[in-house]
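Encoded as structure tokens, the structure appears first; notes follow it.
The values are calculated or read from the model by the stated rules, or taken from the named source; none is laboratory data. Just so it is clear, the structure is predicted and the values come from calculations on it, not from any experiment. Note: ideal-geometry Cβ built from the backbone for every residue, glycine included; neighbour counts use all protein chains shown. We work out accessible area using only protein heavy atoms, side chains counted, and drop any ligands, DNA or RNA first. Shrake-Rupley method; radii C 1.70, N 1.55, O 1.52, S 1.80 Å.
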Amino acid sequence: MSARKIIIAIDGFSSCGKSTLAKQMAAILGYSFIDSGAMYRAITLYFLRHGIDINNKEQVVEALKDIHLSFHFNEERQASDICMNDENVEPYIRDLIVAEKVSPVAAIKEVRAFAVKQQQRMGKKKGIVMDGRDIGTVVFPDAELKIFMTAEPEVRVKRRFQELYPSNHNVTLDEVRHNLELRDYIDSNREESPLRQAHDAIVLDNSNLTREEQLEKVLGWVKERTTQTVAG
Ligand code: CDP
């Protein structure tokens, strides 16, 4: 019995474990996992490297013409690495330098149009888990399963700190807290596709859930949707 393939959209605040969950689900379901945030981070890295003035529309539009993004599966990470113009930029995009600039970049209309077009193309065949901020509202408004993830702010700060610390012993909890607060504020208040819970999304607060517990919950929701019989 083969279950029908669906689109799973996971949205939510910074650092609440969206990618971790998306990755686990994709592996179990045999779906592809796309971290849409990686695209905004790679674009930001390009702008930083080339000194693009984000207040200059013309410069931004010209720069976007020179950016080619693609994903390549990395066996070791069991997830796709993002490549920008054939360079694997996965090792650089999580740095705080990029995190500090990504939200203003992602608020630019032209940047969003550029990324969303590619994301929608990736979902054409379904069988995809994508996480981000506007996946259930803008990218895939018809996704069969939409999850809106959240966790208490201090839990999120600690999780992100633990992720960053091994490669940067100078990082502080305050820096991480400041970055998460600022990004959540900009992402939720921007004009273009602000972070919102889709009206038909299920809220998942994982402050007090282990990875296994949240996975079990979510796989139950997937099962309900993939085994539903379509009337008519
Ligand atoms: O992993 P984390 O929660 O830190 O963030 P991310 O998913 O890597 O996204 C980084 C930034 O990209 C966000 O703070 C947003 O500004 C932007 N983003 C967005 O605007 N729309 C998306 N679909 C995904 C990310």
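Provide, in order from the shortest bin, the percent of all Cα-Cα pairs of the chain in each 5 Å bin, continuing until the bin that contains the maximum pair distance.
Percent of Cα pairs in each bin: 1, 6, 14, 18, 20, 18, 12, 6, 3, 1, 0, 0.
Determine which residues of the range 128-151 fall in the zone a paramagnetic label at Arg4 would reach in this model, i.e. backbone nitrogen under 18 Å from the point 7 Å along Cα→Cβ.
Of the residues in the range 128-151, 128-129, 140-146 have backbone N under 18 Å from the label point off Arg4.
How tilted is helix 109-122 with respect to the longest principal axis of the chain? Cα atoms for both, answer in degrees (0 to 90, nearest 10).
With both axes taken from Cα atoms, the answer is about 40 degrees.
How many angstrom lie between the C-alpha centres of the range 184-226 and the range 143-167?
Spelled out, the Cα-based centre of one part sits 11 Å from the other.
Can you tell me the Rg and Dmax of the range 30-97, counting just the alpha carbons, in angstroms?
Computed over the Cα atoms of the range 30-97, radius of gyration and Dmax are 13.0, 42 Å.
Once you list every other residue whose beta carbon is under 10 Å from the beta carbon of Leu195, what net charge do they have if Lys and Arg are +1 and Asp and Glu are -1?
0
Over the chain, what is the relative contact order in percent, taking alpha-carbon pairs closer than 8 angstrom and at least six residues apart?
That works out to 33 percent.
Where the centroid of each part is defined by its Cα atoms, how far is the range 124-140 from the range 1-33 in Å?
A separation of 10 Å, based on Cα centres.
Please enumerate, by chain and number, the lysines with C-alpha under 27 Å from the C-alpha of Lys223, excluding those fewer than 8 residues away in the same chain.
Leaving aside lysines fewer than 8 places away in the same chain, those within reach of Lys223 are Lys5, Lys18, Lys23, Lys124, Lys125, Lys126, Lys146.
Rounded to the nearest percent, how much of the accessible area of the range 103-232 (1.4 Å probe, protein heavy atoms only) is carbon and sulfur?
Within the range 103-232, the accessible surface is 51 percent carbon and sulfur.
Less than 9 Å Cβ to Cβ from Gly37, Lys/Arg counted +1 and Asp/Glu -1: what total charge do the surrounding residues give?
+1
In terms of Cα to Cα distance under 19 Å, which aspartates and glutamates are near enough to Lys57, apart from those fewer than 8 places away along the same chain?
Straight-line reach from Lys57, under 19 Å: Asp66, Glu110, Glu191, Glu192.
Taking the Cα atoms only, what angle lies between the long axis of helix 211-226 and the longest principal axis of the chain, rounded to 10 degrees?
It is inclined by approximately 60 degrees.
Give me the percent of the accessible area of the range 42-87 that comes from carbon and sulfur atoms, probe 1.4 Å, all protein chains in place.
Answer for the range 42-87: carbon and sulfur cover 45 percent of the accessible area.
Nearest 10 degrees, 0 to 90: what angle lies between the long axis of helix 36-49 and the longest principal axis of the chain (Cα atoms)?
Taking the Cα atoms of the chain, the angle to 36-49 is about 10 degrees.
Would you mind working out the accessible area per residue for the chain, using a 1.4 Å probe, and quoting it in Å²?
53
For the chain, what does the helix formula give at 222 nm: sum of -39500 (n - 2.57) over DSSP H segments with n ≥ 4, over the residue count, nearest 500 deg cm²/dmol?
So the helix-based figure for the chain works out to -14500 deg cm²/dmol.
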